[in-house]
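The values are calculated or read from the model by the stated rules, or taken from the named source; none is laboratory data. Here the structure is a predicted model, which is why all the values come from computation and not from measurement. For neighbour counting, all protein chains shown are included, and Cβ atoms are generated from backbone atoms with ideal geometry for every residue, glycine included.
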Amino acid sequence: MLNFRKVKPFQGWITVALLLCATTSVLADASEPLIDPEADRQALRAYYLKRFPGVDIQDYINGIYALDAASREQWQALEEFPPYEFDLEAGEALFNTPFANGQTYAACFPNGGVSIRQHYPYWNAAEGRVKTLELEINECREKNGEQPYPWKKGPLAQISAYMAWTSRGQVFDIKVPADDAGALAAYAAGKRFFYAKRGQLNLSCANCHLEGSNIFIRADLPGPALGQTTHFPVYRSKWGELGTLHRRYEGCHRDTRSDPLPPQSDAFRNLEYFQTYMSNGLPVNGPGARK
Amino acid sequence: MNAAYTRYLLLSLLVFVANVQAAEPQTYQQAFELNRAMYGKGHLFTWQGQEFSTDHPEELDAQTPATRDKAEAMLHAAQVLNQRASELEYAWRMTAGLLEQAEQALRAGEFRQCMNLAAQAHYQARMSIQQAEYNQQHWRDAVPQ
C-alpha cells in the first residue's frame, strides 16, 4: 500500500494524478462493451429532431419524402396509383395458395401470418440468430417440401409485401433482450455495420443515411436512417419492380465498391435488426414506392 | 510605398510562410500520400533529406524482371490477402475481377501483365484489411450520442 506520508508533496500529486488516470482508463474500457439499444434509439431521434426541427418523427416512415417537399409531391402523385398494387394481389394469392402437401403459409406464423410484420426481425434464442420475415417465409416453404424462393425479388418479395400490407399501421416493437448476450451481440454487430466505413469509396451506411440525409449525392437525395426499414419491401422505379430490403442492402453495399455480401447473410440480418429497432415506435407502412 | 502598406505586406508574407510551414508533412506517411496524390506513381520526392519513390510496395515489386515464378508468387500472395479481406467481410468489389484477369494473363504467358494486375489486387486487398482494422478502433466516432 502507498504511504502518502513518506512521499513529498510534488511526488504525492504525481501519484494521485497517475491513479486518477488509471481509474479513468479502467472506467472507459469498462464502458465500451455496454450495449444500450434504447439509448441509441433516443439518440438517433434526438439527432433528427435537432437536424430537421420541423419534421414530425412519425413522418420519417416516408423516408426522403418526409424531408424534401418536391420529392414528396412526386411521390404522392405516384401513390395515387401505387406501382406495387399488382404485386400485392399476387402476394395475397401466393400466401393463400396451399402447398402441394395442403398446408399454408398461415400455419407457419403466429396469428395466421396476418398483422405480424412489426415483430420482425427478431432474435431467436434457440437458434442463436436473427430471424427475418423473408427468412421465415422460405423456411416455411422448405418445411412443407417446397423450394425456397430467390431472396431479392419476385414471389418472396410479393408475399412479404402482402404480409406487410396486413400489418399497416401496427407499431414496430422489436425486442433486444437485455439478458441475452447473443441478442445484444447481434444488435451490436448490426450497429457496427451501419457506422463502419466500407469499400473502395470508404463509405458507411451512416455517411449517406445519417450525415448525408437530404444532401445531394450527385442527383440523389439519400433518405434518413430513421424509419428506413418501415416501408419495405419497396417498388423502386429504378428497378421497375418490387424488391426486398436485403436487395437494397446488397445494392448499397455494392455502391460503396464493396464486394457485396449476400442477402440474408448474418451481417445483413443483424443490420436489419439494428435498423428496425431504431424504428421502434413508428408504424408499418410497407410496401412502399421509392425512386 | 507608405509604412502601413509595408507592414501589411510583411504580415501577409509571415502568414503565408507560416501556412507553408504548417502544410509540411510531419511523417513519412503524410509525405508519401501528399506526393502520391500530387504526382501519381513513378515520382521521386525528398523528405527529411532522403529521396523516396511515390510507388506503392506492390508497384515496386511489379517492376522486377517478369518471370513465370514471380508472376505466380505475386498472384498467390494477392489471392491469399484478398481471401483474408473476404473473411473480414471487407473485400472490395473490383479486387476479384483483377485477380481473375491476372490469372488469365498468367495462362496466356503474359507475365508482366499478370504481375501488374496482381500488384493492383494486392494493394486493394491490403487497403481493405487496413480499413477493417481502422474501423475496429474508430467506427464509434460516427455514432450520435
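Points to keep in mind about this one:
- For residue A:211, the criteria (1) in contact (Cβ under 8 Å) with a residue 24 or more places away in the chain; (2) out of contact with any Leu (no Cβ under 7 Å at 6 or more places or on another chain) hold in every case but one, which is (1).
- Set A:267, A:289: member being within 13 Å of the chain's Cα centre (by Cα), modelled with pLDDT of 95 or more and either not acidic (Asp, Glu) or not in a loop (DSSP other than H, G, I, E, B) (or both): A:267
- Conditions (1) surrounded by fewer than 23 Cβ atoms within 10 Å (Cβ to Cβ); (2) within 14 Å of chain B (Cβ to nearest Cβ); (3) among the charged types (D, E, K, R); number of the one not met by residue A:198: (1)
- Answer from A:261, A:226 - the residue that is at pLDDT 95 or above and closer than 17 Å to residue A:152 by Cβ: A:261
- Restricting attention to region A:238-285 and to residues that are of a type in the set (Lys, Arg) and closer than 18 Å to residue B:89 by Cα, the residue that is nearest to the other protein chains (Cβ to nearest Cβ) turns out to be A:257.
- Check on residue B:99, within 14 Å of chain A (Cβ to nearest Cβ) and closer than 23 Å to residue A:190 by Cα: no
- Listed by position, the helices (runs of 4 or more DSSP H) enclosed by region A:117-223 that each have at least 2 residues that are closer than 20 Å to residue A:88 by Cβ are A:133-143, A:155-165.
The rows are residues; the columns are (1) touching a residue at least 24 places away in the same chain (Cβ under 8 Å); (2) in the same structural domain as residue B:24 (by TED's automatic domain parsing); (3) more than 23 Å from residue A:199 (Cβ to Cβ).
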| position | (1), (2), (3) |
| --- | --- |
| B:38 | no, yes, yes |
| B:41 | no, yes, no |
| B:51 | no, yes, yes |
| B:77 | yes, no, no |
| B:80 | no, no, no |
| B:97 | no, no, no |
| B:111 | yes, no, yes |
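- For region B:116-145, a residue qualifies if it is more than 17 Å from the chain's Cα centre (by Cα), buried (at least 16 other Cβ atoms within 10 Å of the Cβ) and in a helix (DSSP H, G or I), and the qualifying residues are B:135, B:139, B:142.
- Cβ-Cβ under 9 Å pairs, at least 6 apart or on other chains, region A:178-191 side within 14 Å of chain B (Cβ to nearest Cβ), far side among the β-branched types (Val, Ile, Thr): A:187/A:35; A:187/A:130; A:187/A:176; A:188/A:35; A:190/A:130; A:191/A:35; A:191/B:143
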